[in-house]
1. Once the chain is represented by equal point scatterers at the alpha-carbon sites, with solvent omitted, what log10 I(q)/I(0) does the Debye formula produce at q = 0.15 Å⁻¹?
2. Could you sort the peptides 112-119, 49-56 by per-residue average Cβ neighbour count (10 Å cutoff), highest mean leading?
3. If you take the beta carbon distance between ASN213 and GLU252 as r and set R0 to 22 Å, what does 1/(1 + (r/R0)^6) give as a FRET efficiency, to the nearest 0.05?
4. Rank MET174, TYR105, ILE70 by how far each Cα sits towards the positive end of the charge dipole of the chain (+1 on Lys, Arg Cβ; -1 on Asp, Glu Cβ) and give me just the farthest.
5. Which of TYR96, LEU120, MET137 sits farthest toward the positive end of the charge dipole of the chain, with +1 on the Cβ of Lys and Arg and -1 on the Cβ of Asp and Glu?
6. Starting with the highest mean, order 36-45, 239-248 by the number of other Cβ atoms within 10 Å, averaged over the residues of each peptide.
7. In percent, what relative contact order does the chain have, based on Cα pairs under 8 Å that are 6 or more apart in sequence?
8. Among the aspartates and glutamates, which fall within straight-line cross-link reach of LYS211, defined as a Cα-Cα distance under 20 Å, with same-chain neighbours fewer than 8 residues apart omitted?
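What follows draws every value from the coordinates through simple rules; no lab data is involved. Every value quoted in this text rests on a predicted model; they were computed, and no experiment measured them. Glycine gets a Cβ as well: all are built from the backbone with ideal geometry, and neighbour counts include every protein chain shown.
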Amino acid sequence: MKKRKSILEPKDRIYLLKGEKQPLAYFIASKDTPRKRLLYYDEENNMSRPLRYARNSNSPFVDEQDKNVILEPVVFEDGVLRVSKRNPVLQEFLHYHPENGVEFYEFDNEKDAQEDVEFLYNELDAQLMARDMEFVMMEAVANVLLGGKVSKMTSAEIKRDIMLYAKRYPQDFMETVNDPSLRVNNIASKALSDGYLSFRNNKKDIYFNLKENKKKLMTVPFGEDPVYVLASYLQSNDGLELFKFLDDKISEN
């Protein structure tokens, strides 16, 4: 069988055990056995290939090793395993190991730093977006993210809480702002908070709360978000007339 080329860049690598435990010595399985299978699925050849770490071999695959292999344990000391670029076969073995990402993972400082930078950028973008947002839009976002308590908050409290939310959960904040259904969700939330609709039966049912109409509108399915269920109804053909009515009423305020 043609030897599979390594896809790994030559460099020193550090591997860490997952979780909080850091035992003095932790051995991972280093060869495929009937009791402990170490198999890698080779898509190119459509077969599962057994793995084995042998320090005198240039491949981690059993079918590419000769019979005179020198086996060696793979040990994490204090939860850490450092592998030099001079030992590419161990790096490749760990890369294909079934427990990679389950019991251990490769520590990539550059990748972690890049993820931190991306989060900081998102955090900054979200805060600037919140700062420059018109209050009407901010209130709509607040109704979705902060819930019914918004109706009892001052404008300053809403601005403060939205800015804090944008800082703590930038991705969630920006996804909400860019959600095309935001306006409908806002109408649904304000319809409940402003009293045009009301809950009954421990928020299991939504009723009209108008002088001329006190009829039941819908039952909220168990475990569902009432605002989401109501917003979905308002976007349907059956709820279009009610949406227009609520939109006009809420816009007047």
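1. The Cα Debye sum returns log10 ratios of -0.97.
2. Ranking, from highest mean packing down: 49-56, 112-119.
3. 0.75
4. So the residue furthest toward the plus end is ILE70.
5. Of the listed residues, the answer is TYR96.
6. Top to bottom by mean Cβ count within 10 Å: 239-248, 36-45.
7. 14 percent
8. Within the straight-line cut-off, LYS211 pairs with ASP194, GLU241, ASP247, ASP248, GLU252.
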